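S.K.: Next up is a structure, given as structure tokens.
Throughout, read-outs are computed from the coordinates displayed, never taken from laboratory work. None of the values given here were measured: they were computed from a predicted structure. Methodologically, a virtual Cβ is constructed for each residue, glycine included, from the backbone with ideal geometry; neighbour enumeration extends over all protein chains shown.
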Amino acid sequence: MPRTTITDFITQMQGCPVIDVRSPGEFAHARMPGAYNLPLFSDEERKVIGTAYKQESREKAIKLGLDYFGPKMRAMVEEVERLTAAFATAGNKEYNGRRVLVHCWRGGMRSGAVSWLLQLYGFEVSTLEGGYKAFRNWALERFSVPYPFAILGGYTGSGKTEILGKMSGKHRSVVIDLEQIAQHKGSAFGGFDAVQPSQEMFENMLAVQLAAASATVGDGQYIWLEDESRRIGDINLPPALWLQMNAAPLFFLDIPMLERVNFITRIYGRHKKEQLVNAIIRIQRRLGSQNTKDAISHLLEDNYPACFTILLHYYDKYYRRGLEEREKRKDPLFAVSSAVVDEKLNCKLILENINKVSQTPGNGTND
């Protein structure tokens, strides 16, 4: 079967369907972004084959695999026909309607068997050399590549995520939204709306976006990230990437407390009180017993501004510690003052201040 390296595979996967023939359980845990699952074996079948391989022989395992594979052949071909037809009609004008990329875990018998079947039927098939394992190695390597990062910071309630949304595509701005990838807003109140991906899946999505951003950003341009702690909900930022973020220039948006309280009230006031109370309880050890009691009391009395004022004082304190650490390390820091939480205005202010930054070894270089 024609095989391709991970570098070529990554390039081709933007314009061609990617078929992951691993079991549903493997796929559900983590996968290549955009891949389609066409499992050669179910989770139970894979377990039976694996047991036979270990306890009996390779030949016994292959025969069992053929028993499972044979009855599925026609359905798999027809499923790929539907997949390629849908891909061709989804705005992929240069796609020829027949080419597919296939991978399994290590580029072995599973991808080989499915590739043989599809090629026999008439599809143009390329199999990933090294399989998903090669992709994972590639993904993990992305976090050690130097990038021209610029970091958007500001106390909680400054509307940083909204500003990044406005910045995307503007002058000198390539944006990666870490919180969107992690499906979490980063605080104890950030996980109400979605289920987070696995750590591995987060890393896969982030790696692909970093590679795309690096290929897009030009000289004198920056990849913008929001200032984050080491953890976003249950997700850990890769250590090498975290170190780069800390050394990159930080643009700190300074907005008055009252403005931020009003913004947070609009954003989080729509959630159920039970959710908010549980979030407050999760941080009660650091918030303090009296502040916890007062915040919950204000919330139950529908005094959202008073509740969120207590919480913002708590988050501001921890953010200031991070700023102090940055100043001790002498990492680049640029303060940007604004009177209001307004993503359009503050996007403009941030971009005006980018001219203060000069490329230094600590800021990273283009990939």
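S.K.: Helix-only estimate, please: 222 nm mean residue ellipticity of the chain, summing -39500 (n - 2.57) across DSSP H runs of length 4 or more and dividing by its residues, to the nearest 500.
M.R.: One gets -16000 deg cm²/dmol as the mean residue ellipticity at 222 nm.
S.K.: Under a point spin-label approximation (7 Å from Cα along Cα-to-Cβ), what is the VAL340-ALA306 distance to one decimal in nm?
M.R.: 2.8
S.K.: List, in order, the whole-Hz ³J(HN,Hα) value for each residue of region 203-217 obtained from phi through the Karplus relation with A = 6.51, B = -1.76, C = 1.60 and θ = phi - 60°; use x for Gly and Pro.
M.R.: Using θ = phi - 60°, the values come out as 5, 4, 5, 5, 4, 5, 5, 5, 5, 5, 5, 5, 6, 8, 5 Hz.
S.K.: Checking the table LYS72/LYS93; LYS160/LYS185; LYS47/LYS72; LYS273/LYS344; LYS160/LYS348; LYS185/LYS317 against a 20 Å threshold on Cα-Cα, which pairs fail?
M.R.: Working: LYS72/LYS93 31 Å; LYS160/LYS185 11 Å; LYS47/LYS72 18 Å; LYS273/LYS344 31 Å; LYS160/LYS348 13 Å; LYS185/LYS317 18 Å.
Too far apart for the 20 Å limit: LYS72/LYS93; LYS273/LYS344.
S.K.: Starting from region 1-77, pick out the GluC sites (Glu not before Pro) whose DSSP state is loop and whose Cβ has at most 14 other Cβ atoms within 10 Å. Each step should come with its number before you reach the end.
M.R.: Values: sites: GLU26, GLU44, GLU45, GLU56, GLU59; in loops: GLU56.
Answer in residue order: GLU56.
S.K.: I want to check the label-to-label distance for GLU352 and ARG98. Put each point 7 Å from Cα in the C-beta direction and report it in nm to one decimal.
M.R.: Taking the two extended label points, one gets 5.8 nm.
S.K.: Give the peptides 66-73, 314-321 in descending order of average Cβ contacts within 10 Å, highest first. Display every interim value, and only then the final one.
M.R.: Values: 66-73: 12.9, 314-321: 14.6.
Top of the packing list down: 314-321, 66-73.
S.K.: Compute the long axis of helix 58-69 from its Cα atoms, compare it with the longest principal axis of the Cα atoms of the chain, and write down the angle in degrees, 0 to 90, nearest 10.
M.R.: 80
S.K.: Could you let me know the centre-to-centre spacing of region 303-329 and region 174-251, using Cα atoms, in angstrom?
M.R.: Cα centroid to Cα centroid, the span is 21 Å.
S.K.: To continue, here is another question. Are there any trypsin sites (Lys or Arg not before Pro) in region 202-298 that are in a DSSP loop and have at most 15 other Cβ atoms within 10 Å? List them by number. The partial results should precede the final answer.
M.R.: Numbers: sites: ARG230, ARG231, ARG260, ARG266, ARG270, LYS272, LYS273, ARG282, ARG285, ARG286, LYS293; in loops: ARG230, ARG270, LYS272.
Here the trypsin sites (Lys or Arg not before Pro) that fit, given the DSSP loop and packing criteria, are ARG230, ARG270, LYS272.
S.K.: By how many degrees, 0 to 90 and rounded to 10, does the Cα axis of helix 343-353 deviate from the longest principal axis of the chain?
M.R.: The helix 343-353 is inclined about 90 degrees to the chain.
S.K.: In a Gaussian network model over the chain where Cα atoms closer than 10 Å are linked, find which of GLN183, GLN275, GLN290 has the largest mean-square fluctuation.
M.R.: GLN290
S.K.: Please report the relative contact order for the chain, taking Cα pairs under 8 Å with a sequence separation of at least 6, and give it as a percent rounded to a whole number. Intermediate values should be presented prior to the final figure.
M.R.: Numbers: 544 pairs, mean separation 68.1, N = 367.
Contact order relative to length: 19 percent.
S.K.: Moving to a separate point now. How high is the FRET efficiency between MET257 and LEU140 when r is their beta carbon distance and R₀ equals 51 Å, given to the nearest 0.05?
M.R.: Details: r = 41 Å, r/R0 = 0.80.
Computed FRET efficiency for MET257 and LEU140: 0.80.
S.K.: Next up: Rounded to the nearest 10 degrees, what's the angle between the helix 257-268 long axis and the longest principal axis of the chain, both from Cα atoms, 0 to 90?
M.R.: Long axis of 257-268 versus the principal axis of the chain: about 40 degrees.
S.K.: Another question about this same structure. By how many nm would the segment from GLN290 to VAL77 grow when fully extended, if each residue of separation counts as 0.36 nm and the alpha-carbon distance is taken off? The partial results should precede the final answer.
M.R.: Details: separation 213, 0.36 × 213 = 76.68 nm, distance 6.43 nm.
Here the segment from GLN290 to VAL77 would lengthen by 70.2 nm.
S.K.: Under 11 Å from the 7 Å Cα→Cβ point of GLU324, by amide nitrogen: which residues of region 238-260?
M.R.: none
S.K.: Here is a follow-up. Using modelled amide H (1.01 Å from N, peptide plane; none on Pro or chain starts), what sits under 5 Å from the amide H of ILE19, excluding residues fewer than 5 places away?
M.R.: Under 5 Å from the amide H of ILE19: TYR36, LEU101, VAL102, HIS103.
S.K.: FRET efficiency for ALA85 and ASP234, Cβ-Cβ distance as r, R0 = 45 Å, nearest 0.05? Walk me through the numbers before you get to the answer.
M.R.: Details: r = 38 Å, r/R0 = 0.85.
That pair, ALA85 with ASP234, gives E of 0.75.
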